[in-house]
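Here is the structure we will look at, set down as structure tokens.
The values are calculated or read from the model by the stated rules, or taken from the named source; none is laboratory data. Remember, it's a predicted structure, so these values are computed and weren't measured experimentally. For neighbour counting, all protein chains shown are included, and Cβ atoms are generated from backbone atoms with ideal geometry for every residue, glycine included. We work out accessible area using only protein heavy atoms, side chains counted, and drop any ligands, DNA or RNA first. Shrake-Rupley method; radii C 1.70, N 1.55, O 1.52, S 1.80 Å.
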Amino acid sequence: MLAMQRHNSSDIFTSLPPSNDSAIAQKTKVAPIFCNSTLPETNPTSAGITMTLGIVFNVVALIILAKAYTRFRRRSKSTFLLFASSLVATDLAGHVINGALVLRRYSEGTADLADSPCGFQGDLITDPDVPCLFLGCCMVFFGLCPLFLGCAMAAERCLGVSKPLLHARLVTNARTKMALALIWLLALCVALLPFFSLGAYTPQYPGTWCFIRVMEGTQATDLAFVALFSALAFSSLAVAFLCNTISGITLVRARIKKKTSSQRSPARSHDTEMVVQLVGIMVASCICWSPLLVFGLMSATRSYSNTLGSDRDTYRALIMTGVRMATCNQILDPWVYILLRRAVLKKIYRITKRQASLKGSMIRSFRWDVSSFQNSEKKNDKI
């Protein structure tokens, strides 16, 4: 039997001839036409630069976190640093693996794309090549892992700030490592779902990367997989937002009511530093991942309902932009630990305070000069 797929007028369907014994081996090839497309041309230079920057920044952040973990190994901050180091290491692995696979597809497919009169001509949706399947699986895995880790870090800090005694009793390095293994396992299980007939990984425009099938021949299983991916990602961001909000309110209340003594102030300052870093991670993740999650789900929904029509190229451009922004999240994460450290924040505070005091002294000097001038004017008028 031929595989039934939804299609638009802009799709070309060609069927492989059936064998003499059975017609089950038939496959459907989808070849979208991009002759009138205004999407940008492929350029491997930007991909190479992004990959290099991501590797450098993540390595620097990993070194900083490793030194901090050695220093705070026996304190409550060690759990946070273990989570943070795992997050940066995951981002680094994602940059290396995904970047290498994308550059490989650039080197193998750019010439064919350039020679094609209508641009990207698609691939066998029912039988993509093995590197494409692996790349799509890596995109989902390395996309969910940082979001899950950010959520776990926010939950751990929320417990540590609001219930420190319970945190000290429940949270240990061994349980943290077990939680990390479960997080990676969960992300891997979700990424492997297309191999169990829930969704599919296919080449995406312009053929240099692979992701969930959201544009061409989208089926009910593809829509369910996209919805699951988006729901898990948004749920992680929502839980992280809730936990960070609770942590922030708890720290502000403790500072206002002055319940902490001078001996416990260093611990509170460490808590503030960690919460500030978590807020930075959460904000970066929301900004970078929301476009891909929203537009991917919207395009899959419209493709499944056959309502993409003339908006197809627009959604392709939006999804490409979303993927580039999601890649930038792996570059921004290490900068959170590089810049939002207590030592750096203290330097920024001192510089800001110095500038404010200098500006205040200048204003006071100007006011004194003006008042002196006005007094001299009054004396001259009296004379």
Item checked: Rounded FRET efficiency, nearest 0.05, which uses the C-beta distance separating GLU108 from LYS67 and R0 of 45 Å -> 0.65
Next item on the list: Order THR352, THR202, most accessible first, counting only protein heavy atoms with a 1.4 angstrom probe.
Entry: THR352, THR202
Margin query: Pairs of alpha-carbon atoms within less than 8 angstrom and 6+ residues apart define the contacts here; what relative contact order does segment 186-322 have, in percent?
Written below: 30 percent
Item checked: Heavy-atom accessible area per residue - segment 183-236, 1.4 Å, Å² -> 34 Å²
Notebook entry, point to check: Share of segment 198-338's accessible area from carbon and sulfur, percent, 1.4 Å?
Noted result: 69 percent
Item checked: Violating pairs (Cα-Cα greater than 28 angstrom) within the set LYS67/LYS346; LYS177/LYS346; LYS163/LYS347; LYS77/LYS257; LYS177/LYS347 -> LYS177/LYS346; LYS163/LYS347; LYS177/LYS347
